[in-house]
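The structure under discussion appears below in the form of structure tokens.
What follows is calculated from the coordinates using simple rules that are stated; it is not laboratory data. Predicted, not measured: the structure shown is a model, and the values here were computed from it.
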Amino acid sequence: MGKLVVVVEMEALQEGLFSWTAVYLAVMFPALVMVFNFVFGNCFLGEALAHNQHATTGKGYYRSLGRLCVVVVLGLFIWQYYIYMFQTRKGRVDRCNPPVYIWHLVDGVFWGKEGASYALRWNCPLDEVCFLALWSLHLALYAACVMSVPQLGAKSDGGSFCRKCNAYVEDMDHHCFLIGNCVGSKNRKFFLCLLTLCVVNMFFLLLTRGAWAYAEGGVFILLGLLLVIGAAVVGSCLLILQCCLLRKNKTTLSFLKEERRSRRGILRALAELMR
């Protein structure tokens, strides 16, 4: 009886150690440690990025908050891809899905398993092609804004000091925590393109998967739907504001300074800006 119990326990232990859950934990734990080090520690990538943006150090409350926002946004990118390409296509996950195709390709090379043909895997409907293009371009522009360098190496006449970046920024517009970086003359065009693509991407998601999300229900699905609606509305408002400021050759910082000096009120100042 005792030997039987030991055998059962050993089998349960082996099943736990070699299950997919153990594999996921083994992969995720180092990744979580690296993310924690990037946000709060002395990560090489974080310090290199800070020094490249002419900051003396990568430490500090605002730096950590900006990096945390970047990690959250990247997580939302992954979540968006997972919902669109996996959850809403449960019967067609293998098709038009680059990560799955790469997985099967590696699986075939190492284990000799045969999968579906290349033509079948890339037999993609138009909406999925549009999603992959929008998602990839959106992610690329976001990365470009995060890694851009609007900061100056030294003080200049057209530069404003940003306490969040701890550096001078040429023609500073504002500091955006969602990209963990300042927006200035050197990266404002990238930021406008990012806002435009964000709005297009959110409305595309609402058009193609909004009804599915509402019918599917579930807490996380509905929260995602609300997040997409909120991002579409806020992104549209910010895009309109930035276009109006660009038309008047102003920055957000100069607009707010003028509003404080004139004491007109923010709503009246916005109304005059949009005329």
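By its C-alpha gyration tensor, with a ≥ b ≥ c as the square roots of the eigenvalues, how is region 204-275 shaped: rounded for a/c under 1.5, else prolate for a/b larger than b/c, else oblate? Numbers along the way, then the final one.
Working: a/c = 4.15, a/b = 2.91, b/c = 1.43.
Cα axes put region 204-275 in the prolate bin.
Could you give the length gained on full extension between Leu222 and Arg89, defined as 0.36 nm per residue of separation minus the Cα-Cα distance, in nm?
Details: separation 133, 0.36 × 133 = 47.88 nm, distance 1.76 nm.
Working it through step by step, the gained length comes to 46.1 nm.
Through the Karplus equation 6.51 cos²θ - 1.76 cosθ + 1.60, θ set to phi - 60°, convert the phi angles of region 170-182 into ³J(HN,Hα) values in whole Hz; use x for Gly and Pro.
6, 6, 4, 8, 5, 9, 10, 5, 5, 9, x, 7, 8
Quote to one decimal, in nm, the extra length available between Tyr61 and Ala211 on full extension: 0.36 nm per residue of separation minus the C-alpha distance between them.
Numbers: separation 150, 0.36 × 150 = 54.00 nm, distance 4.05 nm.
Residue separation times 0.36 nm, minus the Cα-Cα distance, leaves 50.0 nm.
Determine ³J(HN,Hα), in whole Hz, for all residues of region 206-215 in sequence, where each value follows from phi through the Karplus function 6.51 cos²θ - 1.76 cosθ + 1.60 and θ = phi - 60°; x replaces Gly and Pro.
Working through the residues one at a time gives 5, 5, 8, 10, x, 5, 4, 4, 5, 6 Hz.
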